[in-house]
Amino acid sequence: MRIVSLAILVNTLLLANMATAQENVGTEFLPPQATLAVVVKPKAIYGSPLLQMVPWEVLNVKSKELAGIPIQSIDSVLVVASPPGTSGEPEIGMVVKLNQATPLENLLIPIREAGELTGAVWPGTNKNYLKGSSQVKFDVYPVDDKTYILAMPEALKSMLAQKETPQASPLAKLVQTDRQPAEAQAFLVMEPIRELAQFLVADPKLQGFPGLKELPGQLEHIQIIGDLDMEKGGLTVKLTAKNPGQAEEVKKTVSQLLDLAVQIAIQVGQPPKTNEAEENAFRQYVERVSKTLRAALEPEASGNQVTMTTVGKSGTSPQVMIASGTAVLMPLIATARQQAFRSGSVNNLKHIMLAMHNYHDTFGKLPANSYDENGKPLLSWRVHILPFVEQAALYQQFHLDEPWDSEHNRKLVAMMPVQYLSPSTKGELAAQGKTRYQMPLGEGLPGSVKKRLRFQDLTDGLSNIIAVAEVPASDAVIWTRPDDFHVNMDSPLESFLPGDTKGFNSARYDGSVQYMLKKELADNILKALLTHQGGEAVNF
C-alpha cells in the first residue's frame with residue numbers, strides 16, 4: 001500500500017509542475033544512452049490559478065508521511081529513461097532537487113522501516129545511500145543534502161558515471177537548449193532507440209496505421225510542452241525531422257494518425273455500463289471533445305519541424321482542457337479500476353488452481369477440508385495448499401490436529417496470504433481474515449462430496465466444472481475455517497450474482513479462469529458448470 005501511494009504521489013508531481021529554463025535540474029546526470037527526459041517543478045505548481053482546487057493540503061500530508069518532505073520543498077524533478085540495459089529492463093531514474101537541506105535519514109522512513117529500503121555504502125566510497133529491494137526497485141543516492149537521485153541500480157551507476165566523467169549526451173543538450181517556461185516538458189531523442197522503435201512499429205498488427213513504420217527513421221527528436229498559463233497556455237507537440245522533405249512526410253503521417261486516434265477514442269471511450277441513454281450521451285461527448293482537440297492539433301510544417309499546438313485555439317484553453325479531460329477520464333478511471341481489480345482476482349485464482357494441481361500431483365487427490373476422527377471440522381483446504389502458494393513456513397505454524405478456532409490456530413487467522421484477498425474488498429476483509437475465494441457447495445457438487453476426489457472422478461471434464469469462485473463479499477468466510485459457499489441450487493445465478501452484480505470470477509478444474517457475465521448466464525448453464533458428474537454438455 002505504501003509503494004502504491006508513493007507511486008501515486010510521484011505521478012501527481014510528474015503531471016503538474018513548473019520548469020524554468022535557467023535553473024539546473026540535473027542535466028549533468030543524463031547519460032549518453034538516455035532517450036527520454038521529463039522536467040517538472042513541484043513547488044511552482046502552487047502558483048497556478050488553474051489548479052487551486054487540487055487538495056494540496058492532503059497531498060502535502062501524504063508527501064511528508066511517505067517521503068519525509070512536503071511537496072513545496074521540492075524545487076524540480078528530472079525523470080530520465082534509457083533503453084534496456086544488462087537487466088533487460090529500461091533504466092529509469094529521477095534527479096530530485098530540494099530548496100532546503102534534508103538529511104538522508106529523514107527521507108522515506110515508512111519504507112525503510114518496512115525493510116524495503118536498507119542502508120548501504122556506495123562501492124569504492126564512504127557515501128551512505130539506500131539500497132532497494134524486490135519490492136522497491138530503486139536506490140536512493142544523496143548527491144548532497146539538497147540533491148537526490150532515485151533510480152534503478154543500473155540507471156544510478158550510469159547517471160553517477162556521467163557526472164564523474166561527462167560524455168556527449170544528445171538528450172542533455174536538447175534539454176539544456178530547448179527548455180521552456182512551462183508547467184511540464186518532455187523530451188525524446190530517437191537515436192538511442194531508433195532500431196528498437198523500427199522493430200516495434202514493424203509489427204503486423206500495426207500495418208493499418210499509415211506511415212507509422214517510416215516515422216522512427218524520419219524523426220530526430222520529439223518535445224511535448226504543457227503550459228497552464230491562463231491566457232497563453234496549452235499543449236504543444238514539436239516533431240523534429242532530419243530535413244524539410246521528411247518533415248512534410250511526418251506532417252502527412254501524423255495528420256492521418258490523428259484521424260485514426262479520433263476514431264479509436266470514440267470506440268474505446270465508453271463509460272461503465274449504466275443505461276443506454278447515459279452511454280449514448282457520454283459517447284457523443286467523447287466524440288465532440290475528440291474532434292475539437294483533433295482540429296486544434298492540425299500539424300503544421302516549417303523547415304524540418306512539425307508543430308501541433310492548442311495554444312490560442314478556440315475551445316482548447318487550459319481551463320477547458322482540464323475540465324473536459326476530467327469529465328472524460330473519471331468514468332474511464334472507474335472502468336480501469338474495475339478491470340484492475342478483476343485482473344488481480346484472476347491472478348489470485350490462477351495461483352490457487354496451480355496450487356491445487358501441484359497438491360494433486362503430490363498426494364494423488366484434491367485438497368479438501370480436514371476433520372478429526374469424530375468428524376469434527378479442523379482446517380480448510382486453503383490451509384492445506386499453503387505449501388503450494390509459497391507459504392510453507394506459515395503452514396508449519398498450524399496445529400493440524402486442532403480446529404481452526406483453537407487457541408493456537410486462531411492466532412494465525414490474521415496471517416492470511418495475499419492470494420486469498422480479493423482486490424476489490426481487500427481493505428474491509430483483510431482485517432477480519434476473511435476470503436471470498438471458496439468452493440461451491442451443494443447437492444451434486446464436488447466440494448460437498450465426503451470422500452477425497454481425484455481428477456478422474458470429475459467425469460464432466462475439468463474444463464467444464466467450476467472449482468473455486470470469487471463469491472459475494474457478504475458471503476466471505478474466515479480463510480482457515482473449513483467452510484465454503486453454499487449455493488441455492490434452485491437459483492444459483494442469484495446466489496453468485498445478487499442484485500445488480502454484473503459478473504464474477506471463477507476458476508475451473510483445468511486451471512482456466514473466466515469472468516462470467518450475468519447477462520450471458522442462466523440457471524441451467526450455471527448448474528451444469530457446478531456439478532461434476534451431471535453428464536451435461538456445456539459450451540460456455
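The values are calculated or read from the model by the stated rules, or taken from the named source; none is laboratory data. As the structure is a computational prediction, the values presented were derived from the model and not from experiment. Here the Cβ positions follow ideal geometry from the backbone for every residue, glycine too, while neighbour counts run over all protein chains shown. SASA here: full protein model, heavy atoms, side chains in, ligands and nucleic acids out. Shrake-Rupley method; radii C 1.70, N 1.55, O 1.52, S 1.80 Å.
Looking at the structure I just gave you, is F341 open to solvent by 40 Å² or more (accessible area, probe 1.4 Å), at pLDDT 90 or above and touching a helix residue (DSSP H, G or I) at 6+ places or on another chain (Cβ under 8 Å)? Working first, answer last.
Values: open to solvent by 40 Å² or more (accessible area, probe 1.4 Å): yes; at pLDDT 90 or above: no; touching a helix residue (DSSP H, G or I) at 6+ places or on another chain (Cβ under 8 Å): yes.
Here the answer is no, as F341 does not meet what is asked.
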May I ask you to list pairs of residues, at least six apart or on different chains, whose Cβ atoms are under 9 Å apart, with the first in the stretch 229-245 being free of Cβ contacts under 8 Å to residues at least 24 places away in the same chain and the second being surrounded by 16 or more Cβ atoms within 10 Å (Cβ to Cβ)? E231/S317; G245/N304
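I'd like the full set of residues that are within 15 Å of D227 (Cα to Cα), touching a Ser or Thr at 6+ places or on another chain (Cβ under 9 Å) and either surrounded by fewer than 15 Cβ atoms within 10 Å (Cβ to Cβ) or modelled with pLDDT of 85 or more (or both), limited to the stretch 39-72. It would help to see each step written out before you state the result.
Looking only at the stretch 39-72, we keep the residues that are within 15 Å of D227 (Cα to Cα), and these are 39-42, 44-51.
Imposing the further condition that a residue be touching a Ser or Thr at 6+ places or on another chain (Cβ under 9 Å) reduces the set to 39-42, 44.
Residues satisfying the conditions are V39, V40.
At pLDDT 90 or above, of a type outside the set (S, T, N, Q) and in contact with a His (Cβ under 8 Å, 6 or more places away or on another chain): is that true of H486 in this structure? If you could, list the steps in order and put the result at the bottom.
On the way: at pLDDT 90 or above: yes; of a type outside the set (S, T, N, Q): yes; in contact with a His (Cβ under 8 Å, 6 or more places away or on another chain): no.
Here the answer is no, as H486 does not meet what is asked.
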Can you pull out the residues in the stretch 120-141 that are under 28 Å from the mean Cα position of the chain (by Cα) and of a type outside the set (A, V, I, L, M, F, W, C)? Y129, K131, G132, S133, S134, Q135, K137, D139, Y141
If you check P244, P181, P153, which single one turns out to be touching a strand residue (DSSP E or B) at 6+ places or on another chain (Cβ under 9 Å), under 30 Å from E116 (Cβ atoms) and open to solvent by 40 Å² or more (accessible area, probe 1.4 Å)? P153
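Going through the stretch 527-540 one residue at a time, which ones are closer than 16 Å to N505 by Cβ and at pLDDT below 85? Before the answer, list the steps.
Keep residues of the stretch 527-540 that are closer than 16 Å to N505 by Cβ, which gives 529-530, 540.
Answer for the stretch 527-540, where residues must be closer than 16 Å to N505 by Cβ and at pLDDT below 85: just F540.
Yes or no, residue by residue, for (1) without any contact (Cβ under 8 Å) to a residue 40 or more places away in the chain; (2) under 29 Å from the mean Cα position of the chain (by Cα); (3) more than 18 Å from S512 (Cβ to Cβ):
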site: L354; (1), (2), (3): no, yes, no
site: D372; (1), (2), (3): yes, no, yes
site: L379; (1), (2), (3): no, no, yes
site: Q391; (1), (2), (3): yes, yes, yes
Whether any residue in the stretch 20-31 is among the hydroxyl-bearing types (S, T, Y), assigned to a helix (DSSP H, G or I) and at pLDDT 85 or above is what I want to check. yes
Residue under question is G211, and the condition is that it be small (G, A, S) and more than 28 Å from the chain's Cα centre (by Cα); does it hold? yes
Pair list, Cβ < 8 Å and 6+ apart or interchain, from the stretch 183-212 residues that are aromatic (F, W, Y) to residues that are modelled with pLDDT of 90 or more and open to solvent by less than 20 Å² (accessible area, probe 1.4 Å): F187/A37; F187/V39; F187/L171; F187/L174; F187/V175; F187/Q223
Could you tell me whether any residue of the stretch 349-365 is crowded, with 16+ Cβ neighbours inside 10 Å and outside any helix (DSSP H, G or I)? no
Identify the residue in the stretch 200-241 that is more than 23 Å from A34 (Cα to Cα) and of a type in the set (D, E) and, among all such residues, is least open to solvent (accessible area, probe 1.4 Å). D227
First in the stretch 276-305 and closer than 19 Å to V262 by Cα and β-branched (V, I, T), second anywhere and modelled with pLDDT under 80 and not in a helix (DSSP H, G or I), Cβ under 6 Å, 6 or more apart: V286/G269; T292/G315
Could you check V136 against (1) out of contact with any helix residue (DSSP H, G or I) (no Cβ under 7 Å at 6 or more places or on another chain); (2) in contact (Cβ under 8 Å) with a residue 24 or more places away in the chain; (3) outside any strand (DSSP E or B) and say which number it fails? (1)
Report yes if I92 is of a type in the set (V, I, T), part of a helix (DSSP H, G or I) and either in contact with a strand residue (DSSP E or B) (Cβ under 9 Å, 6 or more places away or on another chain) or at pLDDT 90 or above (or both), otherwise no. no
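I'd like the residue in the stretch 169-187 that is among the small types (G, A, S) and either more than 29 Å from the chain's Cα centre (by Cα) or outside any strand (DSSP E or B) (or both) and, out of all such residues, is farthest from L219 (Cα to Cα). Can you show your working first?
So the first thing to find is which residues in the stretch 169-187 are among the small types (G, A, S), and the list is 169, 172, 182, 184, 186.
If we keep only those that are either more than 29 Å from the chain's Cα centre (by Cα) or outside any strand (DSSP E or B) (or both) too, we end up with 169, 172, 182.
Details: S169: 17, A172: 18, A182: 24 Å.
Among them, the one singled out is A182.
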Being open to solvent by 40 Å² or more (accessible area, probe 1.4 Å) and part of a loop (DSSP other than H, G, I, E, B) is the filter here; which residues of the stretch 431-473 pass it? A431, Q432, E443, G444, V449, K450, K451, R452, R454, T459
Could you check the stretch 513-537 and list, in sequence order, the residues that are basic (K, R) and either closer than 14 Å to G503 by Cα or open to solvent by less than 20 Å² (accessible area, probe 1.4 Å) (or both)? K518, K519
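Please find, within the stretch 374-416, the residue that is surrounded by the most Cβ atoms within 10 Å (Cβ to Cβ) out of those that are in contact with a Gly (Cβ under 7 Å, 6 or more places away or on another chain) and outside any loop (DSSP other than H, G, I, E, B). Show your work before the answer.
Just the residues of the stretch 374-416 that are in contact with a Gly (Cβ under 7 Å, 6 or more places away or on another chain), to begin with: 413-414, 416.
Among the residues that remain, those that are also outside any loop (DSSP other than H, G, I, E, B) are: 413-414.
Details: V413: 16, A414: 10.
Per the stated criteria, the residue is V413.
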Tell me yes or no: at least one residue of the stretch 498-508 is among the aliphatic types (A, V, I, L, M), in a loop (DSSP other than H, G, I, E, B), buried (at least 20 other Cβ atoms within 10 Å of the Cβ) and touching a residue at least 12 places away in the same chain (Cβ under 8 Å). no
